[in-house]
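None of the figures in this text is laboratory data; all of them are computed from the coordinates on show. Source: prediction; values computed, not measured. Cβ coordinates were reconstructed from backbone atoms using ideal geometry, including for glycine residues, and neighbour counts include every protein chain displayed.
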Amino acid sequence: MDQKIFTQIPSSEFRWRVYIGLMPNKTDILDLYFMDARYKLIDIAAFLDRLDRHEGESDFRHAGFLKAMEAMLNPGDRPRARAVLESLSDHSVEPVDATEIQFAYGAPQE
């Protein structure tokens, strides 16, 4: 196995739990993923700050992003990842006759 993976595992208890096939507990998950999630959260906050600082109108992507954040905070009975993915997905059922672009926007145009 990659030696780098073992250097990221914070405790011998977690390694033992994985070795004997037990599920990690919440503390194990926090130990492993908190700093990565913290970085991503700060990056999102910086992205939103950049949008706030600049002039001009935002478009549907900004609204879609805010809607996805709301879905993450209030997912209802769905897992958060599913709620976010569904909020950013195009739910139209009718095919388009032709497209003017050859890429995805990443958020539905509502």
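Computed values, structure above
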read-out: Protection proxy ranking, peptides 49-58, 86-95, average beta carbon neighbours within 10 Å, highest first; value: 86-95, 49-58
read-out: Distance (nanometres) between label positions extended 7 Å along Cα→Cβ at MET69 and LEU85; value: 2.3
read-out: Environment charge of MET72, counting only residues whose C-beta is closer than 14 Å and scoring Lys/Arg +1, Asp/Glu -1; value: +3
read-out: Order of ARG80, ARG38 under a 10 Å beta carbon neighbour criterion, fewest first; value: ARG38, ARG80
read-out: Ranking of ILE42, ILE29, ILE101 by count of other Cβ atoms within 10 Å, fewest first; value: ILE101, ILE42, ILE29
read-out: Rough spin-label spacing in nm, given labels placed 7 Å along Cα→Cβ, for LYS26 and SER58; value: 3.1
read-out: Residues ARG78 and ASP43, FRET efficiency given R0 of 30 Å [Cβ-Cβ distance, rounded to 0.05]; value: 0.80
read-out: Gyration tensor (alpha-carbon) shape descriptor, the range 61-110, a/c threshold 1.5; value: prolate
